[in-house]
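Structure first, commentary second.
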């Protein structure tokens, strides 16, 4: 009889090795599944992402028309100030907060997300982690804005200057700026929260992302440059966070000049380098936006009614919601009545949301945060009961399927 002991030993060894590999794979899969279960438990089994369905915002099996506010300082002021704002928002039945999730260049209160082009500061990113955790604590969903059209807090002018250009519009054109913006997307949107260990892209607290606050490109009145940039960066962001919504962040300016050359309407003539219709039609854009500041724009207050209706109508033809994402009236004697008129238009539409500019609170010493631009709202402001009632009326629509 031939000696098969060596063959048997080799066969046994291979079988043992195969079993060990299968066991290791089973343990790995078990670990992944348990991590997923743990993550779901951490997030909340009944908590879902806000989505767009049939042209309107939805949460679970119900509509989610929302009322909220804006604030720009949550990232760099002390956490107690951030919590003070969220507390005020929750008390007014506001469900969404849009805020600046960017800060580039020189630090503010020691915070700079991107101190130099393409480099990122972990300590500042941890401040962003904290904002998200505090929002969750107060039941507030977030729209996180990722860049600024204006110079404040390191806008596109800062990007262009860091890349060696004096033209802010080169932000959209220079490879260095585009690469840095993409690196920012990967760093911020692709981040995992160091406090609750939830990846940003897996956290339903984040309703959505905004590519830029009020993007424009006046050097290209065709709107081509800005539209192409939004298409490119929007696709990149959606690849990182496919379950969260995306908005371009525009003020709502059209590119449809009137045949009349005398006294053209600058909000519609393409002079801002933005083309609302083309941007809103992009597949990566989940919902549309407009801003409204009649006093600041040199328009009569009743002009704003047609502005809102135009955007609602155009958005509905695209099958997308429309959010009045910033609005403000400085004249406090007429503010409440004007807001009520605008809100009534929004409340009559099933596809809308509204975010007032700007909700602030108190400093740690109890003194109120300064009203720098004249649009400030604080909990004791006379507008707040009206805003709370607007939020109540909008929330009633979520009770009907």
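The values are calculated or read from the model by the stated rules, or taken from the named source; none is laboratory data. Everything numeric in this text was worked out from a predicted model, so none of it was measured. Cβ atoms come from the backbone with ideal geometry, glycine included; neighbour counts cover every protein chain shown.
Computed values, structure above
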{"item": "Only one of 298, 319 that is within 19 Å of residue 234 (Cβ to Cβ) and over 18 Å from the mean Cα position of the chain (by Cα)", "result": "319"}
{"item": "Any chance residue 351 is buried (at least 20 other Cβ atoms within 10 Å of the Cβ), under 21 Å from the mean Cα position of the chain (by Cα) and within 26 Å of residue 60 (Cβ to Cβ)", "result": "yes"}
{"item": "In the range 318-338, the residues that are out of contact with any strand residue (DSSP E or B) (no Cβ under 8 Å at 6 or more places or on another chain) and either touching a residue at least 12 places away in the same chain (Cβ under 8 Å) or surrounded by 17 or more Cβ atoms within 10 Å (Cβ to Cβ) (or both)", "result": "319, 329, 330, 331, 332, 334, 335, 336, 338"}
{"item": "Yes/no for residue 103 being within 17 Å of residue 145 (Cβ to Cβ), crowded, with 20+ Cβ neighbours inside 10 Å and touching a helix residue (DSSP H, G or I) at 6+ places or on another chain (Cβ under 6 Å)", "result": "no"}
{"item": "Selection within the range 296-317 - in contact with a helix residue (DSSP H, G or I) (Cβ under 6 Å, 6 or more places away or on another chain) and crowded, with 18+ Cβ neighbours inside 10 Å", "result": "304, 308"}
{"item": "So residue 76, is it more than 20 Å from residue 351 (Cβ to Cβ), out of contact with any helix residue (DSSP H, G or I) (no Cβ under 8 Å at 6 or more places or on another chain) and crowded, with 16+ Cβ neighbours inside 10 Å", "result": "no"}
{"item": "Criterion (without any contact (Cβ under 8 Å) to a residue 40 or more places away in the chain, touching a helix residue (DSSP H, G or I) at 6+ places or on another chain (Cβ under 9 Å) and surrounded by fewer than 18 Cβ atoms within 10 Å (Cβ to Cβ)) met by exactly one of 367, 341", "result": "341"}
{"item": "Residue in the range 83-98 that is under 17 Å from the mean Cα position of the chain (by Cα) and assigned to a loop (DSSP other than H, G, I, E, B) present", "result": "yes"}
{"item": "Residue pairs meeting the criteria (Cβ under 6 Å; at least 6 apart or on separate chains; first closer than 17 Å to residue 333 by Cα, in the range 292-304; second in a loop (DSSP other than H, G, I, E, B))", "result": "293/328; 294/301; 295/330"}
{"item": "Among the residues listed as 331, 275, the single one being over 24 Å from residue 225 (Cα atoms) and touching a helix residue (DSSP H, G or I) at 6+ places or on another chain (Cβ under 8 Å)", "result": "331"}
{"item": "Selected residue (only one of 207, 246 is touching a strand residue (DSSP E or B) at 6+ places or on another chain (Cβ under 7 Å), over 18 Å from residue 312 (Cα atoms) and either modelled with pLDDT of 95 or more or in a loop (DSSP other than H, G, I, E, B) (or both))", "result": "207"}
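This table checks each residue for (1) outside any helix (DSSP H, G or I); (2) touching a strand residue (DSSP E or B) at 6+ places or on another chain (Cβ under 6 Å).
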position: 136; (1), (2): no, no
position: 144; (1), (2): yes, yes
position: 152; (1), (2): yes, no
position: 161; (1), (2): no, no
position: 165; (1), (2): yes, no
position: 179; (1), (2): no, no
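Rundown of residues vs (1) out of contact with any strand residue (DSSP E or B) (no Cβ under 7 Å at 6 or more places or on another chain); (2) surrounded by fewer than 24 Cβ atoms within 10 Å (Cβ to Cβ); (3) in contact (Cβ under 8 Å) with a residue 24 or more places away in the chain; (4) more than 17 Å from residue 148 (Cβ to Cβ), yes/no style:
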position: 199; (1), (2), (3), (4): no, yes, no, yes
position: 213; (1), (2), (3), (4): no, no, yes, no
position: 216; (1), (2), (3), (4): yes, yes, yes, no
position: 226; (1), (2), (3), (4): yes, no, yes, no
position: 229; (1), (2), (3), (4): yes, yes, yes, no
position: 235; (1), (2), (3), (4): yes, yes, yes, yes
position: 256; (1), (2), (3), (4): yes, yes, no, yes
position: 264; (1), (2), (3), (4): yes, yes, no, yes
